[in-house]
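**Student:** My questions all concern the structure below.
The values are calculated or read from the model by the stated rules, or taken from the named source; none is laboratory data. All of these numbers come straight from a predicted model, not from anything done at the bench. We place every Cβ from the backbone using ideal geometry, glycine too, and count neighbours over all the protein chains shown.
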Amino acid sequence: MRSRRDFIRISGLGAGGLAISASGLGVYKNLASSPPQGSELSVDTTRTPTYCEICFWKCAGWVYKNEEGKIWKVIGNDEDQHSNGRFCPRGTGGPGMYYDEDRLKTPLIRTEERGKQVFREASWEEALDYIAEKIKGIAEEHGPECTALLTHGSGGKYFGNLLKAFGSASIAAPSYAQCRGPREVAYHMTFGEGVGSPERTDIRDTKCLVLIGSHLGENMHNGQVQEMSDAIDKGASIITVDPRYSIAASKSKYWLPIKPATDIALLMAWIHVIINEEWYDKEYVEKYTYGFDQLKAHVQHMTPEWAYGITTLEPDLIRKSAKEMANAAPAVIIHPGRHVVWYGDDTQRSRAMAILNALLGSWGRRGGFYNPEKVSIPSWPHPPYPVPGRTWKDAYPDQYNLAYETLASGICDATIPTLSKACNFKAWIVNGTNLIKTIPDTEKTLQAIQELELMVVIDTMPMAITGWADVVLPECTYLERYDTIRDSTHRKPAIALRMPAAEPMYNTKPAYWMAKELANRLGLGEYFSWNTIEEMLDWQLKQVGSSLEEMQRIGVKTFDRTYDDLYFQKDQDMEFYTNTGKIELYSTALAAEGFDPMPKYTAHEEPPPGFYRLNYGRAPSHTFGRTANNALLKDLMEENTAWINPKVAGEWGIENGQYIWLENQDGIRSSFPIRARVTERIRWDSVYMVHGFGHTNKKLSRAYGKGASDSELITKVHLDPIMGGTAMRGNFVTFKFEPKEEEAAS
Amino acid sequence: MRYAMAIDTKKCVGCSDCVVACQTENNVPIGYCRDWVVEVTDGTYPQLEIEIRSERCNHCDNSPCVRCCPTGASHYEDGGIVLVTPNECIGCGACITSCPYDARYPHPDGYVDKCTFCIHRIKKGLEPACVSACPTKCMYFGDLDDPNSPVSEILKVRKYKTLIPEAGTGPQVYYLI
């Protein structure tokens, strides 16, 4: 029952003279009237550095302005290892986010008018006072631990600082339990270190790139796509395992059109072949690994013929592709992937991939995985954080002990009161993540939201989550603000600066300002004791041998490596951060927790007759659902399609381009119709769609009702018992030719 | 001097960055584009092939659009670049009909618009926006009369084709296959 909290469509934004500039994309129009044809565009050479916030790759670049001083284009910074001076379409389309006239424009507070819940526009003063008072009251009654932060994006660090100062350690990014978590745990279990971001894959110099369901090129992880292209140039081979003929598959020497949900069987058969044919790196395995004999015994029955019966892949193809990897070793990468929460045994599948890398000796080797390095930027001095009495983990005694980060879904579940959950959350601060689409099982997320006494949402756009907030704080876009220094790992340690290219449009503010203002109101000002953001950034930069002035000029600064080499040296003695100090083929940590120390194939549920496995992925022009309303990117792809094999379409009488509805195994029908894409590129047992469409908030004027949302069809979630990942690929859909009755009636 | 472009279909992933880079660089109005991406799938599961091509005006040697333009707005610039002079264009659309590549569109401001090979950038020694932005570096640009230009170098070592050669227009965008 959603009795207490109604969804509110944000309306009337910017009314009341709050809009400073409502030019929207008119800038493009105005400029177009003085066309550049034949004549030179008058280029304003002033440029300001930024790093992109359209996705998590955080490419560094330059923002250029036109002669009117308005933001014109964003171009990669040549010094940047993430982008090498070349942005992807989303980054190039960054100005579309800045000029989006549907942006959140002023703070909003939920209120009741004549029995109806509405948002009223508020001043920053009022909105922040309101939050501070509520949050103090909740802390007095339930403890500060009952406030959680759910965040994705750069501003999160400031709210993280605020929350820790306040006394809560429940800070979660959905990018862990809803995305790359299983991979990180698996690599920790195997190599004692995670894969990180950007991934430490040495694709540039690889001779063989193996992609397990990873669709590089469609997921525009910029640096990796660039390096894949470099590798193709240098003659590297690609092996792709995917039930769909992806773009990467089309560039591959071997495409393995696997039956969905059977990847572990293939991986174990590859391990079997590589061990039994003695194609593994004997010296490396001998010197660095633990548990080879157990592994060898474990895989003896897992022959390609055994895998054939499970995966439908010809044994000969399994052997040939294994040989291809072995020939390339150690310059081979079994790519760890990124969004890996598929079937619930995802840590184990990631482990199988990690084990293959270990057998082929690619970890720490050129063309395999390099040792990344980063610059450690000290935090602005602040008093020690109070120690929270409870954290999210207390809601899950003896569970997920191997999860290194907080589970966003765990916080969500623990918000719903049950006797077994010791830590109920009463307040959420949600920064830059649309939990309605991010966390599967929307009904459950909404149930949790109903239990909250306060939900604050910080975003740039009226995403669905804002409609459930008590207070909405409009953040300015990345093109209008300073942010934390980017200090991510790479081949060389490097830093990048984001600074405002323009004043914030409308009545919007940067995250650091909001966090500091809230801290002041909560009596935590000493945790944000800098006067201006420039003062803090300059101090931080000076600690690592740069300055704000220098970074404003160069945008990216790359440093020499200090502590080790990019690759293991020949015969180098290595100690890995595992229990045994070795690369663990047999995981002692998993065994200690009562899990399989070596991966096993388990059969997953299959689609019932008339249903097809729902598979989803990315398009290069969009990031999740957050770019769907960007005018420049919407032009490239304004709706998603349901990919259906022609045989299946024939059985159903579905024609290419026809609008249909998808309905899942639990009777959930898509809110909007989706266009059928009848294509040979998809297996007959699956339906594929790009994630991030089917927006239900009318205030996203370009995105509303365009395409269907995979998230709403993912109602069955398989939890990874090892680390709590929420697996989303165990859902099945069938085809309907009309909306649900109540929707048709409304 | 003969400007030309070569595009590697083996490296292109069809991300459309070239399209957005062109739109922002040249202020192409929302809803229109000077370049676009074509994806062609052949075969039946699992014996499949995809060819991806970033397409645009071919800046033909023998351009029907220039020949049919009643006002002379469509013309050749140095290096064979085909351009439209907006204030000479009456928006009749004859060029749009004559182009076998469908490379031209009617600009909302009343003239016909299309790819310029970013002549304003070339004059400054820069590459066209699409070429300089492409994450896969699948595009090569330069002077075919200069044997050391990137486009000449790549055409020496790779197999290539042009689009609709039978139209006899002498297209100058080459696709590496």
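**Student:** Which of the residues spanning region A:553-594 are aromatic (Phe, Trp, Tyr) and either under 27 Å from the mean Cα position of the chain (by Cα) or within 15 Å of residue A:363 (Cα to Cα) (or both)?
**Tutor:** A:567, A:568, A:576, A:577
**Student:** Please enumerate the residues belonging to region B:1-23 that are at the interface with chain A (Cβ under 7 Å from one of its Cβ atoms) and not in a loop (DSSP other than H, G, I, E, B).
**Tutor:** Listed by number, the residues that qualify are B:17, B:19, B:20, B:21, B:23.
**Student:** Oh, and also: Residues of region A:533-559 being in a helix (DSSP H, G or I), in contact with a Phe, Trp or Tyr (Cβ under 8 Å, 6 or more places away or on another chain) and surrounded by 15 or more Cβ atoms within 10 Å (Cβ to Cβ), which ones? Walk me through it before giving the result.
**Tutor:** Residues of region A:533-559 that are in a helix (DSSP H, G or I), as a first pass: A:533-543, A:548-554.
After this cut, where a residue has to be in contact with a Phe, Trp or Tyr (Cβ under 8 Å, 6 or more places away or on another chain) as well, the list is A:533-534, A:536-537, A:539-540.
Result: A:533, A:536, A:537, A:539, A:540.
**Student:** Just for region A:388-407: of the residues that are free of Cβ contacts under 8 Å to residues at least 40 places away in the same chain and on the phi < 0 side of the Ramachandran plot, which one is surrounded by the most Cβ atoms within 10 Å (Cβ to Cβ)?
**Tutor:** If we filter region A:388-407 for residues that are free of Cβ contacts under 8 Å to residues at least 40 places away in the same chain, which is where we start, we get A:393-395, A:397-398.
When the remaining residues are screened for being on the phi < 0 side of the Ramachandran plot, the result is A:393-395, A:397.
Details: A:393: 19, A:394: 15, A:395: 22, A:397: 10.
Here the residue is A:395.
**Student:** Just one of A:308, A:290, A:284 is closer than 27 Å to residue A:613 by Cβ and assigned by TED's automatic domain parsing to the domain that holds residue A:346; which is it?
**Tutor:** Being closer than 27 Å to residue A:613 by Cβ and assigned by TED's automatic domain parsing to the domain that holds residue A:346 holds for just one of A:308, A:290, A:284, which is A:308.
**Student:** Could you check how many residues of region A:242-256 are more than 10 Å from chain B (Cβ to nearest Cβ) and closer than 22 Å to residue A:342 by Cβ?
**Tutor:** 3
**Student:** Please enumerate the residues belonging to region A:54-76 that are within 23 Å of the chain's Cα centre (by Cα) and part of a loop (DSSP other than H, G, I, E, B).
**Tutor:** Those that are within 23 Å of the chain's Cα centre (by Cα) and part of a loop (DSSP other than H, G, I, E, B): A:54, A:55, A:56, A:57, A:58, A:59.
**Student:** For residue A:263, are the conditions met, namely being surrounded by 24 or more Cβ atoms within 10 Å (Cβ to Cβ), under 23 Å from the mean Cα position of the chain (by Cα) and away from chain B (no Cβ under 14 Å)?
**Tutor:** Spelling it out, residue A:263 is indeed surrounded by 24 or more Cβ atoms within 10 Å (Cβ to Cβ), under 23 Å from the mean Cα position of the chain (by Cα) and away from chain B (no Cβ under 14 Å).
**Student:** Is it the case, given these coordinates, that residue A:166 is within 22 Å of the chain's Cα centre (by Cα) and either of a type outside the set (Asp, Glu) or under 28 Å from residue A:53 (Cβ atoms) (or both)?
**Tutor:** On the way: within 22 Å of the chain's Cα centre (by Cα): no; either of a type outside the set (Asp, Glu) or under 28 Å from residue A:53 (Cβ atoms) (or both): yes.
No: the conditions fail for residue A:166.
**Student:** Among residues belonging to region B:24-65 that are among the small types (Gly, Ala, Ser) and part of a loop (DSSP other than H, G, I, E, B), point out the one that is nearest to the other protein chains (Cβ to nearest Cβ). Break it down into steps so the answer makes sense when it comes.
**Tutor:** Step one: filter region B:24-65 for residues among the small types (Gly, Ala, Ser), giving B:31, B:43, B:54, B:63.
Restricting the remaining residues to those that are part of a loop (DSSP other than H, G, I, E, B) gives B:31, B:63.
Values: B:31: 7, B:63: 16 Å.
Here the answer is B:31.
**Student:** Among the numbered conditions (1) in contact (Cβ under 8 Å) with a residue 60 or more places away in the chain; (2) surrounded by fewer than 16 Cβ atoms within 10 Å (Cβ to Cβ); (3) not in a helix (DSSP H, G or I), tell me where residue A:153 comes up short.
**Tutor:** Checking residue A:153 against (1) in contact (Cβ under 8 Å) with a residue 60 or more places away in the chain; (2) surrounded by fewer than 16 Cβ atoms within 10 Å (Cβ to Cβ); (3) not in a helix (DSSP H, G or I), the one that fails is (2).
**Student:** Somewhere in region A:336-343, is a residue part of a helix (DSSP H, G or I), in contact (Cβ under 8 Å) with a residue 12 or more places away in the chain and either crowded, with 17+ Cβ neighbours inside 10 Å or not assigned by TED's automatic domain parsing to the domain that holds residue A:242 (or both)?
**Tutor:** no
**Student:** Let me ask something else. Name the residue that is surrounded by the most Cβ atoms within 10 Å (Cβ to Cβ), counting only residues in region A:475-532 that are part of a helix (DSSP H, G or I) and aromatic (Phe, Trp, Tyr).
**Tutor:** Among them, the one singled out is A:478.
**Student:** Hey, can you tell me all the residues within region A:217-241 that are touching a helix residue (DSSP H, G or I) at 6+ places or on another chain (Cβ under 6 Å) and at the interface with chain B (Cβ under 7 Å from one of its Cβ atoms)?
**Tutor:** Within region A:217-241, just A:217 meets the criteria.
**Student:** Separate question: Select, from B:153, B:127, the only residue that is within 14 Å of chain A (Cβ to nearest Cβ), assigned to a loop (DSSP other than H, G, I, E, B) and more than 19 Å from residue B:62 (Cβ to Cβ).
**Tutor:** B:127
**Student:** Right, another one. Considering only residues that are among the small types (Gly, Ala, Ser) and more than 13 Å from chain B (Cβ to nearest Cβ), look in region A:606-623 and name the one that is farthest from the chain's Cα centre (by Cα).
**Tutor:** Out of the qualifying residues, it is A:610.
**Student:** Exactly one condition in (1) touching a residue at least 40 places away in the same chain (Cβ under 8 Å); (2) within 11 Å of chain B (Cβ to nearest Cβ) is not met by residue A:652; state its number.
**Tutor:** With respect to (1) touching a residue at least 40 places away in the same chain (Cβ under 8 Å); (2) within 11 Å of chain B (Cβ to nearest Cβ), residue A:652 is out only on (2).
**Student:** Quickly run through region B:80-121 and pick out the residues that are under 13 Å from residue B:26 (Cβ atoms) and of a type in the set (A, V, I, L, M). Walk me through how you get there before you give the answer.
**Tutor:** Within region B:80-121, the subset under 13 Å from residue B:26 (Cβ atoms) is B:83-84, B:86, B:105, B:107, B:113-121.
Answer for region B:80-121, where residues must be under 13 Å from residue B:26 (Cβ atoms) and of a type in the set (A, V, I, L, M): B:83, B:84, B:119.
**Student:** Within region A:701-719, how many residues turn out to be closer than 21 Å to residue A:621 by Cβ, surrounded by fewer than 22 Cβ atoms within 10 Å (Cβ to Cβ) and more than 14 Å from chain B (Cβ to nearest Cβ)?
**Tutor:** Residues in region A:701-719 being closer than 21 Å to residue A:621 by Cβ, surrounded by fewer than 22 Cβ atoms within 10 Å (Cβ to Cβ) and more than 14 Å from chain B (Cβ to nearest Cβ): 3 in total.
**Student:** So, residue B:119, is that one within 30 Å of residue A:248 (Cβ to Cβ), touching a residue at least 40 places away in the same chain (Cβ under 8 Å) and at the interface with chain A (Cβ under 10 Å from one of its Cβ atoms) or not?
**Tutor:** Answer is no for this residue.
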